[in-house]
Amino acid sequence: MECDDIRLKFIDYLDNNLTAEDEKKLIDHIKGCEECRKELESLKKLVNEINENAENISVPEDFMDNIRQRALKIDPPVIKKKKAPFKILLIAAAILIMSMATVFATKNPMSELFKLMNPEPRITNTVNNGVGKRLNISKTDKNIKITITDVVADDIQTLISYKIEDLNNGKEYSVKYDGGIIIKEKWVKQIEDTNIEMYTSLFSNEGKGILTLFPIDTDNKTINLAFTKLETKTGDTTEVIDGNWNFQIPIKKYQGKSYNINATIKVDDYVINFNKITISPTLTKVNFNCSNGGRKNERINNLEDIRIIADGKEYKPYNFGHENWIPYSTVGYGDREMTFDSMYFDNPKNVEIRVNRINTQIIEDKPKEFIVKLDEANPQEFEYLGTKLVINDIKVSDNIAFNLNQPINSSKFETLSIAFWPFNEHSPEKYFSSAGNYNEAYFIDKDNNKYGYYDALLIWDKIRTKNPVLYIANTSYKLHPSDGLDIKHEKFIRMIIDGYNKTVFVNGSAKIKLR
Amino acid sequence: MEDKMDASMIPKSIKEGNIQVLLVWIDTNKQKFYRMSWAYLKNNTDVEDVFHNTIIKVFENINKLKNDQAFEGWFISIMLNECRKILRDKRRVQPSEYIESGNTVCGLEDSAESLDLMDGLNNIHEEYRELIILKYYSGYSQKEIAEILNMPLGTVKTKIYRGLRILRDILGRED
């Protein structure tokens, strides 16, 4: 009995990990116990042997280089945010957020932009071509009438359009994205940690909306859809109305045509390989992967604004060429996909894919660190890659708020990858969760013309040949300290810049026969 | 301690599209991860694949990690799984004698004795093997292992001890 207890302490003993008291007990015991002494001896021998063997395993010198090289070819996941403040919409890539949140179109030029992004023409156009169905089924509750207008389903997405009418006083409502939609049937596994259930996006504009669902798993399906929460906005206040508008919606899925292709565009060291085109009634989908040709610390972030040309007609990418915007699911890492206007009813035999902009991400070998004074009333200047960055308006309360300005656009970088750390200790207990809002963002073209962000997107087709790049002039940050971090007595914080994005302009083209 | 500090920051940075923090952290800890994977696979190419696959899995599943503080343990569990997976696949394609003879598979320069040791290790049940590898190849303390594997400390201690005894028996080094 005692022997068993003692033996369980052998490993701690060999690790020098016993309390003085326990160690004395153990030594006293083995003095009088031949068997335990032998056991300890042989265990010690074995452990030494193992340790020696382990120490002989050494990491080859180029090992991490290889891992790094290979890792840089993997794309980090596309993380979709549940809710985002409007200002974040300023970043081009963040357009995908719009697909996640209910969008109220209120002011110009935002509302104009939303009109461009509205998927409604897609669905009506498809239905008018005989694919999909006009339903017009209505339910009224709380004096609000909701009508399911059209439904279209293919192997890329399922689209349901609806309109909401306030029978009392004509207020404008939209469906609450978060918790306001219930779909009884489940045909895909829910993505963990997201509120993405069966629906992946909701677009609302002037009382009309489009619900995008995952493609259905069978050719025909009747789904039970209920809207349970609507919201309406008056000024800055949002009112939520609970109710029950439920529908049985028959859906028929149309198959697109898929072509395996093998077209490669090589520009500089970058290789882009297109491997599949799917032409479906609502969208065209192109699958591809990119590699950086072994460049160190540099990789392709995005292919922006690819165009497909067929029979003299140009097909635009869905929503301004942000590859991240796809109607459902998350994108794979090696493999990517991008969606375009549908070519289904044009039925092309030859297509050309043109690549003009490659957004690259450059990672610093060693992140650059800058010390920011918290009790400084004057603007503080820092220099990164020859460009001045200015931090001002620092306010310390229960959080740290300040503005980061970049007075002139840099020729070296476009957007920066910045983090803020506590000065002394950056640890699981002590860190900042930060939120940055881009207040001023511009596109600047090669002739140095400057366009407001929205304005640029609205006239994108006119200015795209002049290679406009995104430049963020002003960001306001708010750093919230973690529970273990007391910022009252902090004098400094660290600004860490670990890399940046830069657009590379190329002239790539691949001609493909669809067979 | 240094490693742990950074590890919990990794999930956030990955979600922001920055993989550099992860790579730096792996670099800092490469020795323990390398030895751990080597103990299973005994060749550099496979170990490299394990690292690579682990990074992919981390990216793919980062949203499933509920607690950022638990990143290191989570990372190691993924890595252990990848080791086992490659080992399983190899066992499937290679005739078993080939594995057992060991010499050809193993690139270690060391004496026959250490080959025997690693063969022995490969022949004990996984429930003990992973503990011994984490303890002696990666150099984690019993307490850290308990955290990584989410196992009571007492169980970890009993199993490591039992595992070492089984290993000793297999190696025929009773005395």
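The values are calculated or read from the model by the stated rules, or taken from the named source; none is laboratory data. In this text the structure is predicted, and so the values were computed from the model without any measurement. As a convention, Cβ positions derive from the backbone with ideal geometry for all residues, glycine included, and neighbour counts pool all protein chains shown.
Structural remarks
- Of everything listed in (1) touching a residue at least 12 places away in the same chain (Cβ under 8 Å); (2) away from every other protein chain (no Cβ under 14 Å); (3) surrounded by fewer than 19 Cβ atoms within 10 Å (Cβ to Cβ), the single unmet condition for A:TYR453 is (3).
- Top-ranked residue in segment A:29-79 [being among the basic types (Lys, Arg) and more than 10 Å from chain B (Cβ to nearest Cβ); ranked as nearest to A:ASN289 (Cα to Cα)]: A:LYS44
- Within segment B:28-46, the set of residues being more than 8 Å from chain A (Cβ to nearest Cβ), outside any loop (DSSP other than H, G, I, E, B) and either more than 15 Å from A:ARG70 (Cβ to Cβ) or not acidic (Asp, Glu) (or both) comprises B:THR28, B:LYS32, B:PHE33, B:MET36, B:SER37, B:TYR40, B:LEU41, B:THR45.
- Residue identified as in contact with a helix residue (DSSP H, G or I) (Cβ under 8 Å, 6 or more places away or on another chain), at pLDDT below 85 and among the charged types (D, E, K, R) among A:ASP150, A:ASP193: A:ASP193
- The single condition among (1) over 30 Å from A:ILE512 (Cβ atoms); (2) free of Cβ contacts under 8 Å to residues at least 40 places away in the same chain that A:LYS446 does not satisfy is (1).
- Qualifying residues in segment A:7-34 (those that are crowded, with 17+ Cβ neighbours inside 10 Å and among the basic types (Lys, Arg)) - the one farthest from B:GLY139 (Cα to Cα): A:ARG7
- When each of B:GLY102, B:GLY107 is tested for being in contact with an Asp or Glu (Cβ under 8 Å, 6 or more places away or on another chain) and either at pLDDT below 85 or crowded, with 21+ Cβ neighbours inside 10 Å (or both), the lone residue that passes is B:GLY102.
- Count of segment A:392-413 residues which are surrounded by 20 or more Cβ atoms within 10 Å (Cβ to Cβ), more than 23 Å from A:PRO481 (Cβ to Cβ) and of a type outside the set (S, T, N, Q): 1
- Considering B:ASN53, B:ASN61, the condition of being more than 17 Å from A:ASP65 (Cβ to Cβ), more than 7 Å from chain A (Cβ to nearest Cβ) and out of contact with any Lys or Arg (no Cβ under 9 Å at 6 or more places or on another chain) is satisfied by B:ASN61 alone.
Yes/no matrix, rows are residues, columns are (1) crowded, with 19+ Cβ neighbours inside 10 Å; (2) at pLDDT below 85; (3) out of contact with any strand residue (DSSP E or B) (no Cβ under 8 Å at 6 or more places or on another chain):
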residue: A:ASN301; (1), (2), (3): yes, yes, no
residue: A:ILE309; (1), (2), (3): no, no, no
residue: A:GLY321; (1), (2), (3): yes, yes, no
residue: A:ASN324; (1), (2), (3): yes, yes, no
residue: A:ASP335; (1), (2), (3): no, yes, no
residue: A:MET343; (1), (2), (3): yes, no, no
residue: A:LYS373; (1), (2), (3): no, no, no
residue: A:ASN378; (1), (2), (3): no, no, no
residue: A:PHE382; (1), (2), (3): no, no, no
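- Total residues in segment B:133-175, condition within 11 Å of chain A (Cβ to nearest Cβ), among the polar types (S, T, N, Q) and assigned to a loop (DSSP other than H, G, I, E, B): 2
- The set of residues in segment A:456-469 being of a type outside the set (Gly, Ala, Ser) and surrounded by 15 or more Cβ atoms within 10 Å (Cβ to Cβ) consists of A:LEU457, A:LEU458, A:TRP460, A:ILE463, A:ARG464, A:ASN467, A:PRO468, A:VAL469.
- Condition check for A:ASP268: of a type in the set (Asp, Glu) and assigned by TED's automatic domain parsing to the domain that holds A:LEU283: yes
- Lone qualifier among A:GLU369, A:GLU425, A:GLU364 - being within 14 Å of another protein chain (Cβ to nearest Cβ), surrounded by fewer than 19 Cβ atoms within 10 Å (Cβ to Cβ) and either without any contact (Cβ under 8 Å) to a residue 12 or more places away in the chain or hydrophobic (A, V, I, L, M, F, W, C) (or both): A:GLU425
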